[in-house]
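One structure below.
Derivation of every value follows stated rules applied to the coordinates shown; laboratory data play no part. Because the structure is predicted, anything quoted here is derived from the model rather than measured. Here the Cβ positions follow ideal geometry from the backbone for every residue, glycine too, while neighbour counts run over all protein chains shown.
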Amino acid sequence: MKRREFLGALGGLTAAWPLARAQQALPTIGLLESRSSDGMANRLAGFRQGLKEVGFVDAENVRVVYRWADNRADRLPEMAADLVRQQPDVIFASGGPLPALAAKAATNTIPIVFLVGQDPTKLGLVSSLARPSGNLTGLNLFANELEAKRLQLLHQLVPRAARIAVLTNPADATYTEITLQEVGAAARALGLQLKIFGATTAREIDEAFSAMGQEPADALFVAAHPFLNARRVQLVHLAAFHRLPATYTLRDSAEAGGLMAYGPSIVDAFRQCGVYAGHILKGAKPADLPVLQASKFELVINAGTARMLGISVPPTLLALADEVIE
């Protein structure tokens with residue numbers, strides 16, 4: 001190699017070396033998610049917004065590595081262990097309690113921020129909401145606690161519906177049990193009959209709707225579960241095909257054509273988790289960060305779907321709605 005070429009190459013390496021070191025030195029967040037990356041753009045944008053509010057920008061002064069379980073719960077323990085081996089500064093576990101439980105089982109030292117739909121003390125994630133202790137903190141969406149209210153809203157929207165099909169994910173026994181307790185109590189108070197159906201795969205969702213056709217229901221209640229939220233387009237299309245008025249948890253489903261959604265703002269929840277992850281990167285300890293509770297809830301009604309089903313939305317519900325989609 002000629003001297004000029006050698007010096008040029010050496011200069012290039014010298015210039016690149018600080019950049020390489022800077023990239024290696026970036027704090028890292030490991031994101032453990034039970035679903036696939038499909039349909040997660042808005043949620044991830046919310047998480048990045050939360051990080052930005054604390055002074056962190058993805059790929060500039062923080063690095064996020066992703067592990068997607070693609071709705072296969074059996075993959076979560078190894079994915080959590082793989083993240084732990086990489087020694088991230090924070091793990092963000094979302095998509096129900098299973099990612100958080102897998103992360104907790106994998107490490108008792110790396111800080112974990114979780115996003116779950118029910119009381120994390122009952123799940124065994126933390127000992128107290130005010131002072132979590134240990135290496136976990138996060139946010140409770142209250143999704144399961146809102147199930148009774150959501151059934152009441154469906155009853156107001158479709159008062160003639162007496163037989164309600166309830167679709168759950170039986171693979172997640174904790175979610176299913178809590179859902180059926182909440183919805184069952186509300187149904188008894190309203191004088192409604194429930195028929196329970198379960199689905200853990202896209203094919204089983206098709207089979208559940210076929211079974212609903214054999215035992216006709218007047219309306220459909222889709223349980224608050226990450227897998228069912230992820231299958232919202234399939235669920236909305238099948239509900240339309242069977243002409244079933246249906247209620248869902250997240251606004252995404254109403255935007256996809258579902259009749260009604262009531263639940264927490266998932267984008268805002270991801271934003272709040274991003275804020276917590278940022279605080280931990282700046283030195284805060286999970287034990288000193290109280291478990292947050294979702295504070296923003298949305299009632300979204302799709303008026304076009306209501307007209308297609310021949311449903312007249314009561315003025316009282318229109319007044320309550322945060323958004324009416326025409």
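Simple spin-label estimate for residue 203 and residue 174 gives 2.9 nm between the two label positions (7 Å along the Cα-to-Cβ direction from each Cα). For segment 238-302, the C-alpha radius of gyration divided by 2.2 N^0.38 Å, with N the number of residues, is 1.55. Helix 173-190 and the longest principal axis of the C-alpha atoms of the chain enclose an angle of approximately 30°.
For segment 171-216, just say rounded, prolate or oblate: build the C-alpha gyration tensor, square-root its eigenvalues into a ≥ b ≥ c, call rounded for a/c under 1.5, and beyond that prolate if a/b exceeds b/c, oblate if not.
Numbers: a/c = 4.64, a/b = 1.31, b/c = 3.54.
Oblate is the answer for segment 171-216, as a/c is 1.5 or above yet b/c matches or exceeds a/b.
Shown for segment 114-213 is the translational diffusion coefficient from the Stokes-Einstein equation, using the Kirkwood radius over Cα pairs, a temperature of 20 °C and a viscosity of 1.002 mPa s: 141 µm²/s. Using the Cβ of residue 98 as centre and a radius below 12 Å, the other residues enclosed give a net charge of +1, where K and R count +1 and D and E count -1. Taking the Cα atoms of segment 19-89, the ratio Rg/Rh between the radius of gyration and the Kirkwood radius comes to 1.00.
Three semi-axes describe the equivalent ellipsoid of the chain; taken as square roots of 5 times the Cα gyration tensor eigenvalues and ordered largest first, they are 42, 21, 18 Å. Eigenvalues of the alpha-carbon gyration tensor of segment 134-192, scaled by 5 and square-rooted, set the equivalent ellipsoid semi-axes at 26, 13, 9 angstrom, largest first.
Of the beta bridges DSSP finds with both residues in the chain, what % are antiparallel, to the nearest 5? Could the numbers behind the result be given before it?
On the way: 5 of 44 bridges.
Around 10 percent antiparallel, to the nearest 5.
I'd like the Kirkwood hydrodynamic radius of segment 203-326, using the inverse of the mean 1/r over distinct C-alpha pairs, in Å.
On the way: mean 1/r = 0.0617 Å⁻¹.
By the Kirkwood definition, the hydrodynamic radius is 16.2 Å.
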